[in-house]
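Okay, so here's the structure we're looking at.
The values are calculated or read from the model by the stated rules, or taken from the named source; none is laboratory data. All values reported here derive from a predicted model rather than from experimental measurement. Quick reminder, even Gly has a Cβ in these numbers, built from the backbone with ideal geometry, and neighbours come from all protein chains shown. Ligands, DNA and RNA are excluded from the accessible area calculation, which covers all protein heavy atoms including side chains. Shrake-Rupley method; radii C 1.70, N 1.55, O 1.52, S 1.80 Å.
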Amino acid sequence: MTDMVAYETHGAVAVLRLQNPPVNALSQAVRQALMQGMDRAEADPGVRAVLIVGDGRAFIAGADIKEFGKPPREPHLPDLCDRIEASPLLVVASMHGVSLGGGLEVALSAHYRIAQPEARIGLPEVHLGLIPGAGGTQRLPRLTGAKAAVEVITSGRHVPADEAARLGIIDRVEAGDPQAVGLACAQALLASGAARRPVSEMPAPAPIDWDATYAKVLKKGRGQLSPAQAVRAVQASAELPFADGLAAERRIFQELMATDQRQGMIHAFFSERAVSNLSELASVAPRAVEAVGVIGGGTMGAGIATSALLAGLSVVLVERGQTAAEAARARIAGNLDGALNRGKLTQERHDALLGQALEVVTDYAALADVDLVIEAVFEDMAVKTAVFAELDAVCKPGAVLATNTSYLDIGEIAAQTSRPSDVIGLHFFSPAHVMKLLEVVVPDQTVPDVVATGFALGKRMGKVAVRSGVCDGFIGNRIMRAYRTAADHMVLDGATPFEIDAALTDFGFAMGPFAVSDLAGLDIAWAMRKRLAPTRDPRERVGRYPDTLCEAGEFGRKTGKGFYLYDAGSVEPNPEVMELVMAERAERGITPRGFSPEEIQRRYMAAMVNEAAKIVGEGIARRPLDVDMVLLFGYGFPRYHGGPLKWADLQGVDTVLADIETYAREDDFFWQPAPLLRQLAAEGRCFDDLNKAPQT
Ligand code: CAA
């Protein structure tokens, strides 16, 4: 037996203690050692029960993520689970920390389960594009009933021990050393003459309305297959004998293994972890940050301040006058009330954050002691440079000076200070206390420990931080401009904004681009168009009809009218939009043509991929996965496609390039293929090859 599972006996109980730090993942060596441990216990005279327990911080966090993508090696997890359950000995699992995926499936194969109060269990396989594949979909419903099992499996959420006990997943919650508690439980069971209790022998769950549940889950997942297929697997547990149910689970698992969605989800899973892991920062310590300054208390500044408070930082917010300061405090209070109502913080903590941790002032002098300042004032170079001059005068040496600009040249802002190497961009997304994305925008002169501080702050705030170089719009907004333009061109050429939105929600986006514009406010893009107008190339095609909407004061949701009409909860296409569009087409001499949903999706995605490839090729994003994470966490890109560049890999880089070359025959100004896309296609490589290449 390897040292992955320690074996010892305590009277009639054999203890199998997993010791595969940090989280006892079920690697091949662990699976084999558990098999051998079961063999040994069964051969051990005098042993009548087995206790499975984990060393360190968790029972078992599931399959070993280091083995993902490699050919599976025996013993396979389903065989191990069946082996454990079929043992003639009485098997107890004592759980602490997390028991996830295969880890919970091992526990479900035991005959009794006991857990520490802080333990959490879950079947997160749907987040990897899969379903539980070692009996989880068959055993869990026999313990909880179908409805609860569907909820736990399709959400993939972590269930706290007390709830798991209420649901019938674990038998008892008891505080103490997991091994001691488990041993006492096993000994008591033996003493009471308790029988083995295999879950597979329990009655099948009662049926629910499977088709309605399937449809509901598919809709909620916006086309994600794995949760919906999990419903079918649970259905099998209710309708088939256990062994046939297991076979059905296996068949669905294998089908999902072969899908692009599974690849997209796995890519997202690893990229989410890799994105903030920058080799250049591996040995760079961030500066200590406990007190944060925020300049400006509008929606963005208040959101940033809220996020900092929730991360346990103290905040000094500077506004221009007393009225604005009061409004800023009210906004932050509103955000914190929301967190309180959603159960994210207690009343006591809510009051402490608003009381002791937050100071709202009108004088920059209050920033003398803060460790980091984030400026979130009006998007105008003159206004920002004035703020930075003030910051330079009052902030202590070593304080990090950050701007939340969305597109301005941060190098130019930094140049207004005597310490440009301490200046960085921290670009939050609205609402900043909710959205997970943080672009850490790094101008040339910024020193590495300031960059590391940006990433450390992002981590502390629970954000997904992505490094971006400086360019107009940075990674996300620059790409958005490209795919928005593709959508606008389709409208000029014959599609309706509503067809485009529908095609893209079908693709899996939370919202289509025109609905997003209405939500953001049409005045934002209008201001951008006006800013860009003087420098625009005359070959660029820009529709005028959105300007006409804005000139009439129609700014989207906030005015009740934009691309859509908003009235007491109902949302309808605004008929005026198509009148304006048709008038503009006539004026430009365009004969409109139809666009299929598939063509809409392909053009939109081609524009997104092309700009993303330019951004990677120029070094603005270091790796394709950086772009993928920006789109996933800031722009509602469907996780199951992995991100635009993973999507391009799955389509074939050459296929996407061929699309762009076709579109370029109509408009060779907008559709200029990215050099990197051409290069990868010529070399027969894909974007993911660049993710694997060592960073320079
Ligand atoms: N396999 C191998 N290593 C794992 C692991 C796993 N399943 N889960 C976590 N780790 C490692 C992490 O890589 C990390 O290692 P380093 O310290 O060397 O970087 C360490 O454990 C701690 O992880 P976190 O930093 O993420 O710590 P955390 O406390 O924030 O979270 C966790 C711990 C909840 C276990 C989280 O890591 C997590 O969710 N892990 C993934 C769990 C999972 O999805 N398991 C697979 C389920 S699917 C399955 O089991 C069936 C199947 O066949 C697909």
Work out how much length ARG222 to LEU340 would gain on full extension: take 0.36 nm times their residue separation and subtract the Cα-Cα distance, in nm to one decimal. 39.6 nm
Rounded, prolate or oblate: which fits the range 560-680, taking a ≥ b ≥ c as square roots of the Cα gyration tensor eigenvalues, rounded meaning a/c under 1.5, else prolate when a/b beats b/c? oblate
May I ask for the angle, rounded to the nearest 10°, between helix 178-191 and the longest principal axis of the chain, with both axes built from Cα atoms and the value confined to 0 to 90°? 40 degrees
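Over the range 289-468, how many pairs of lysines fall under 22 Å by alpha carbon, counting only those 8 or more apart in sequence or from different chains?
Lysine pair count for the range 289-468: 6.
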Roughly what % of Cα-Cα distances in the range 9-124 sit above 17 Å, to the whole percent? 50 percent
Over the range 289-468, what lengths in whole Å, largest first, do the semi-axes of the equivalent ellipsoid take, defined as the square roots of 5 times the eigenvalues of the alpha-carbon gyration tensor? 25, 18, 14
If you wrap a convex hull around the Cα atoms of the range 63-156, how much volume per residue is inside, in Å³? 102 Å³
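Out of every Cα-Cα pair in the range 622-680, what percent are more than 15 Å apart? Before the final figure, lay out the partial values.
Values: 940 of 1711 pairs.
Here the long-distance tail beyond 15 Å is 55 percent of all Cα pairs in the range 622-680.
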Here the percent of antiparallel bridges among DSSP beta bridges lying wholly in the chain, to the nearest 5, is 30 percent
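Compute the orientation-averaged projected area for the range 189-283 from the convex hull of its Cα atoms and round it to one decimal in nm².
11.6 nm²
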Cα Rg, Dmax (largest Cα-Cα span) when computed across the range 476-691, Å: 17.3, 55
What order do you get for 415-426, 191-202 when each peptide is scored by the mean count of other beta carbon atoms within 10 Å, highest first? 415-426, 191-202
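Taking a ≥ b ≥ c as the square roots of the Cα gyration tensor eigenvalues, with a/c under 1.5 meaning rounded and otherwise prolate when a/b beats b/c, else oblate, which class fits the range 512-554?
prolate
What's the extension gain from MET582 to GLN322 if we count 0.36 nm per residue and subtract their Cα-Cα distance?
88.7 nm
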Take the alpha carbon gyration tensor of the range 308-369, find the square roots of its eigenvalues, order them as a ≥ b ≥ c, and report rounded if a/c is under 1.5; if not, report prolate when a/b exceeds b/c, else oblate. oblate
Where the Cα atoms of the range 158-213 are projected onto their three principal axes, how long is each span, largest first, in whole Å? 45, 27, 13
Quick one: helix 299-310 against the long Cα principal axis of the chain, what's the angle to the nearest 10°, folded into 0 to 90? 30 degrees
Pull up the cross-link candidates among the aspartates and glutamates for LYS558, meaning alpha carbon to alpha carbon under 18 Å and not fewer than 8 places away within one chain. ASP518, ASP523, ASP547, ASP567, GLU572, GLU576
With a probe of 1.4 Å, find how much accessible area the range 567-640 has per residue, and write the answer as a whole number in Å². 40 Å²
When you take every Cα atom in the range 99-149, what is the radius of gyration, and what is Dmax, the widest Cα pair distance, in Å? 10.8, 30
If you count only protein heavy atoms and use a 1.4 Å probe, how large is the accessible surface of TRP647, to the nearest 10 Å²? 20 Å²
When ranked by the protection proxy of mean other Cβ atoms within 10 Å per residue, highest first, what sequence do the peptides 337-349, 33-45, 456-468, 629-641 form? 629-641, 456-468, 33-45, 337-349
Computed [θ] at 222 nm, helices only, for the chain once each DSSP H run of length n ≥ 4 contributes -39500 (n - 2.57): -15000 deg cm²/dmol
Using a 1.4 Å probe on the protein heavy atoms, what percent of the accessible area of the chain belongs to carbon and sulfur? 54 percent
Whole number please: convex hull volume per residue of the Cα set in the chain, in Å³? 178 Å³
Cα centroid separation - the range 52-73 against the range 611-656, whole Å: 29 Å
Starting at 0 and stepping by 5 Å, how many percent of the alpha carbon pairs of the range 480-588 end up in each bin? 2, 12, 22, 27, 22, 11, 4, 1, 0
Calculated FRET value between ALA352 and LYS558, using beta carbons and R₀ = 25 Å, to 0.05: 0.15
For a quick check: with amide H placed at 1.01 Å from N, whose amide H comes under 5 Å from TYR564's, ignoring anything fewer than 5 positions away on the same chain? ASN574
Compare SER279, SER271 by solvent-accessible area with a 1.4 Å probe and give them largest first, with all protein chains kept in place. SER279, SER271
